[in-house]
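The values are calculated or read from the model by the stated rules, or taken from the named source; none is laboratory data. Because the structure is a prediction, the values reported are computed rather than measured. Using ideal geometry, Cβ is built from the backbone for each residue, glycine included, and neighbour counts are taken over all protein chains shown. Calculation scope for accessible area: heavy atoms of the full protein, side chains included, ligands and nucleic acids excluded. Shrake-Rupley method; radii C 1.70, N 1.55, O 1.52, S 1.80 Å.
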Amino acid sequence: MKLLLAILLLVHGLIHLLGFLKAFGIGHYPMLSGQLGRVHGLIWLLSFLLFFITAFTMYFNHKLWPWLGLLAIIISQILIAISWADAKYGTWVNLLLLLVVIPGMGEFFFNKKVDREVKLLNNLREVSIEKSVVSKPEKALPPVVADWLKNAGIGSSNSMSKVYLTQKGEMRTSPDGKWMSFQADQWFSIKDPGFIWKTRVQMLGPVFLSGRDKLIGGKGQMDISLLSLIPVVRADNDRGINEASMTRFLAEMIWFPSAANEPYISWESIGTHKARAVFTYGDQSVSGVFSFNDKAEPIAFEAMRYMETGKNAKLEKWVIKNLSFRIVNGIRIPDKSEILWDLKEGEYHWLTLEISEIQYD
C-alpha cells in the first residue's frame with residue numbers, strides 16, 4: 001500500500017511537470033491548450049518537486065511527509081483552478097491524496113504526544129519510588145526465581161533502569177475476528193515502575209488504528225483511535241485500567257528480569273516450578289503466577305486482569321504463553337509469546353507477538 005501511494009504521488013507529480021515543460025517550450029503538449037507564462041511554469045515545477053519529495057519522505061517514514069503532502073496538494077489545486085479546462089480531473093487525485101494526508105497529520109500529532117509522555121517517563125526520578133512503594137522486609141527469592149535470574153544472565157552488576165523494545169505480531173478484537181498485523185514501540189522505567197506502549201494496527205488497506213497504553217505513577221491510561229483521528233476507546237485512571245496496566249507491567253517483567261529484585265515486587269513460592277509475584281505501588285497491589293520449565297525459563301504467566309474498560313470491565317483469567325527464548329544484549333528473554341483470555345466460553349487467543357529489538361540502560 002505504501003509503495004502504491006508513493007507511485008501515485010510520483011505520477012501525479014510528473015503530470016505537473018508537463019506544465020513547466022510547456023511554459024519553457026520544451027516539447028509539444030497538445031493536451032494543454034492554455035498559455036502558460038514562465039512564472040506559472042516554475043510554480044508547476046515547484047508542485048512537481050513537492051509531490052516527489054512527499055513520495056520519498058512518506059516511503060521512508062519521515063515525520064514531516066504529511067505537511068509536505070498538504071502543501072503540494074494546496075499548490076496543485078490552485079494551479080488546477082487556474083488551468084481548469086485542461087487540469088480539472090486532477091482534483092479527484094488531490095481529494096484521494098487528501099484522504100491519506102489528513103490521517104498522516106493525525107498520526108504526526110499522536111506521535112508528538114507519545115514523545116512527550118516518553119520524555120516524562122524517562123525523567124522519573126528513582127527517589128519517587130520511596131514515597132510511592134510500600135516497603136516490605138527483604139526475603140530470599142523462591143529457588144526457581146533465583147535460578148531464572150541466574151540463567152537469564154542477571155547479576156548484581158546489571159540491574160536495569162530503562163528499557164526500550166520493538167514488537168511485531170497479530171491481534172484481533174473478538175474470538176472469531178480477523179487477524180490484524182501490528183507493530184509497536186515500548187518504553188519501560190524500572191526503578192519507578194511504568195511504561196509507554198505505542199502501536200499501529202493495520203486493519204484494511206490504508207485504514208489503521210493508533211493505540212497507546214501507559215502506566216505512570218500507578219495510574220493507567222488507554223487510548224485507541226481510528227486513523228489517529230477518531231477516538232474509539234479511552235480509559236483513564238480508574239481502578240480497572242490502573243490494575244490492568246500494573247498487571248501488564250508485572251507480566252512483561254520477563255523482558256527485564258532484574259525487576260524481580262526491585263522493592264515493589266514480592267514473591268511467594270508455589271511448588272518447584274511456580275512462583276507468585278505481587279506488585280505493590282502505593283495502596284494498589286496486583287499479583288500473578290509465573291510458571292517455569294526445568295531450565296527455569298518463564299514459560300507462562302497467569303493473573304486475574306480486568307477485561308474491557310469502564311462499566312464493562314470485569315476480572316477474567318489472562319494468560320501469557322512464551323513460545324521461544326533467545327539471548328538479546330546478553331540477557332536471555334522470551335522472544336515470541338501468545339496472549340489469551342481464558343473465558344467461560346473458551347480460550348480467546350487475541351494476540352501473538354515477537355520481540356524485534358530490545359535495548360537496556
Would you mind telling me the share, in percent, of accessible area of region 223-294 contributed by carbon and sulfur at probe 1.4 angstrom?
51
Computed E for ILE74/GLU308 - FRET, C-beta separation, R0 56 angstrom, nearest 0.05:
0.85
Pairs LYS178/LYS214; LYS88/LYS112; LYS168/LYS314: which are spaced more than 31 Å apart, C-alpha to C-alpha?
LYS88/LYS112
Tell me, how many Å apart are the Cα centres for region 54-91 and for region 168-219?
32
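Local charge sum around GLU117 (other residues, Cβ-Cβ under 15 Å, Lys/Arg +1, Asp/Glu -1)?
+4
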Any chance you could check the Cα centroid distance between region 248-274 and region 300-361 for me, in angstrom?
14
For the chain, what is the charge dipole size about the Cα centre, in debye to the nearest 20, if Lys and Arg each add +1 at the Cβ and Asp and Glu each add -1 at the Cβ?
740
How far apart, in nanometres, would the label points at SER285 and LEU42 be if each is projected 7 angstrom from Cα along the Cα-to-Cβ direction?
7.5
Running Debye on region 187-249 with equal point scatterers at the Cα sites and no solvent, what base-10 log of I(q)/I(0) appears at q = 0.16 Å⁻¹?
-0.53
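Extension gain TRP84-GLN359, at 0.36 nm per residue separation less the Cα-Cα distance, in nm?
Taking 0.36 nm per residue and subtracting the Cα distance, the gain is 93.5 nm.
Tell me, what % of the accessible area of region 48-98 is carbon and sulfur with a 1.4 angstrom probe? Walk me through the intermediate numbers first.
Numbers: 2300 of 2910 Å².
C and S fraction of accessible area: 79 percent.
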Computed lengthening from LYS113 to ASP342, 0.36 nm per intervening residue step minus Cα-Cα distance
79.0 nm
Placing each pseudo-label 7 Å from Cα in the direction of the beta carbon, LEU229 and LEU4 end up separated by a distance in nanometres of 1.9
Region 252-361: trypsin sites (Lys or Arg not before Pro) falling in loop per DSSP and having at most 14 other Cβ within 10 Å
LYS295, LYS344
Calculated from DSSP helices alone, with each H run of at least 4 adding -39500 (n - 2.57) and the total divided by the residues of the chain, [θ]222 nm to the nearest 500 comes to -11500 deg cm²/dmol
Per residue, in Å², the accessible surface of the chain once ligands and nucleic acids are set aside, probe 1.4 Å:
51
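How big is the C-alpha Rg of region 1-96 next to the rule-of-thumb value 2.2 N^0.38 Å, as a ratio?
Expressed relative to 2.2 N^0.38 Å, the Cα Rg reads 1.06.
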Need one number: nm distance between label points at ASN61 and SER269, each 7 Å from Cα along Cα→Cβ, rounded to one decimal.
4.6
Could you sort GLU170, GLU252, GLU347 by accessible area so the largest value comes first, with the probe set to 1.4 Å?
GLU347, GLU170, GLU252
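Can you pull out the GluC sites (Glu not before Pro) in region 289-332 that DSSP calls coil and that have at most 15 other Cβ atoms within 10 Å? Can you show the working numbers first?
Values: sites: GLU302, GLU308, GLU316; in loops: GLU308.
Here the sparse-neighbourhood loop sites are GLU308.
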Quick test of the membrane-span-like rule: which DSSP H helices of the chain reach at least 24 Å along their long axis (C-alpha atoms) with mean Kyte hydropathy at least 1.6?
2-23, 65-82
